[in-house]
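Remarks on the structure that follows.
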Amino acid sequence: MKYRSVSDIIGPIMIGPSSSHTAGAARIGANARSLFGKQPSHVKIIFYGSFAKTYKGHGTDVAIIAGLLGCDTFDPRIVEAYELAKEHNLQIEIIESEMHAPHPNTARIEMTDGTSNLEVVGISIGGGVIEIIEINGFPLKISGESPTLIIIHEERYGAIASVATMLANNQINIGHMEVSRKERGKEALMVIEVDQRIDNQLIEDLSKLDHVITITKMGV
């Protein structure tokens, strides 16, 4: 097995009891919040597989809720997540699903603030490491460990080139890129992992491209 960092061996700094079910869950929640870009007012969390069977004992529910409220894996407020949710007027709905999922530790998070909606599917693969594998029905695979752009756009000629050109003009190097679509000529998804920090001005400039529908970022 190839380890990417010391945390892959000793695990994350965390509030227990489980790196997969607690720390990983907190990171799924935090990344979902980052993708939504603001505080949701209502969240539906659907647990699958091992998450559905053991979430109460391992604190998976409080971890995801705490992550959605901006808490890191080591934040002692994780255990008070339900109380924090009430303070922030965040309504929580938990569902235990018996349906098959791509990984035993899978959570689907549906968020809304009354005007915007976002659906994120995340998996916890061990040692606090996670992957986001679906956004609004688009399949993808991102960890959030590198600065990452997630762009939903009109699927048409030149869309990818215009984004890549703007990144190049800002001296941003693309480390990895995925593109997917549900239907030809409709909406598509670009996921771009880069080597440099992404500032808010670049996000604003990219959002002004006429084919871009929504744009968010994950990572540093």
Once R0 is set to 30 Å, what does the formula 1/(1 + (r/R0)^6) return for the Cβ-Cβ distance between T165 and N117, expressed as a FRET efficiency to the nearest 0.05?
0.45
Restricting the range 154-207 to trypsin sites (Lys or Arg not before Pro) in coil, as DSSP defines it, with at most 14 other Cβ within 10 Å:
R156, K182, R184, K186, R197
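Convex hull volume of the Cα atoms in the range 102-151, per residue, in Å³? All intermediate terms of the calculation are to be shown ahead of the outcome.
Values: hull volume 4.7 nm³, N = 50.
Hull volume normalised by residue count: 94 Å³.
So if R0 is 45 Å, what FRET efficiency would D210 and I94 give, r being the distance between their Cβ atoms, rounded to the nearest 0.05?
Numbers: r = 40 Å, r/R0 = 0.90.
So, using R0 = 45 Å, E works out to roughly 0.65.
Could you sort out which of K141/K217; K44/K141; K186/K208; K38/K217; K38/K208; K44/K186 sit more than 24 Å apart by Cα distance in this structure? Walk me through the intermediate numbers first.
Working: K141/K217 14 Å; K44/K141 22 Å; K186/K208 19 Å; K38/K217 12 Å; K38/K208 20 Å; K44/K186 27 Å.
From K141/K217; K44/K141; K186/K208; K38/K217; K38/K208; K44/K186, over 24 Å: K44/K186.
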Can you give me the angle between helix 24-36 and the longest principal axis of the chain, using Cα atoms only, in degrees from 0 to 90, rounded to the nearest 10?
40
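Once you have the Cα-Cα distance between H176 and E154, take 0.36 nm times their residue separation minus that, and quote the gain in nm to one decimal. Mind dumping the intermediate values first?
Values: separation 22, 0.36 × 22 = 7.92 nm, distance 2.07 nm.
Fully extending the segment from H176 to E154 adds 5.9 nm.
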Rounded to a whole number, the Stokes-Einstein D of the range 7-136 in µm²/s (Kirkwood radius over Cα pairs; 25 °C; 0.890 mPa s) is 175
For every other residue with a beta carbon closer than 10 angstrom to the beta carbon of G137, add +1 if it is Lys or Arg and -1 if Asp or Glu, then tell me the sum.
-2
Select from V129, V179, V120 the residue whose mean-square fluctuation is largest in a Gaussian network model of the chain (Cα-Cα springs shorter than 10 Å).
V179
Between the Cα axis of helix 49-58 and the main Cα principal axis of the chain, the angle (0 to 90°, nearest 10) is 50
On a 0 to 90 degree scale, rounded to 10, what angle separates helix 159-169 from the longest Cα axis of the chain?
90
For the chain, set up a GNM with springs between Cα atoms under 10 Å and report which of Y157, Y82, Y55 has the largest fluctuation.
Y157
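Could you tell me which of rounded, prolate or oblate describes the range 125-171, using a ≥ b ≥ c as the square roots of the eigenvalues of the alpha-carbon gyration tensor, with rounded for a/c under 1.5 and, failing that, prolate when a/b is larger than b/c and oblate otherwise?
Details: a/c = 4.55, a/b = 1.62, b/c = 2.81.
Here the range 125-171 falls in the oblate category.
Give the shape of the range 148-218 as rounded, prolate or oblate, defined through the alpha-carbon gyration tensor: a ≥ b ≥ c are the square roots of its eigenvalues, a/c under 1.5 means rounded, and otherwise the shape is prolate if a/b is larger than b/c and oblate if not. Provide the component values of the computation, followed by the final result.
Details: a/c = 1.77, a/b = 1.55, b/c = 1.14.
It is prolate, given that a/c is not under 1.5 and a/b is the larger ratio.
Test of understanding: ordering V191, V79 by Cβ neighbours within 10 Å, fewest first, what list do you get?
On the way: V191 20, V79 15.
Lowest count first: V79, V191.
None of the figures in this text is laboratory data; all of them are computed from the coordinates on show. Treat the numbers as computed from the prediction; the structure is a model and nothing was measured. Don't worry about glycine lacking a Cβ; one is built from the backbone with ideal geometry, like all the others, and counts go over all protein chains shown.
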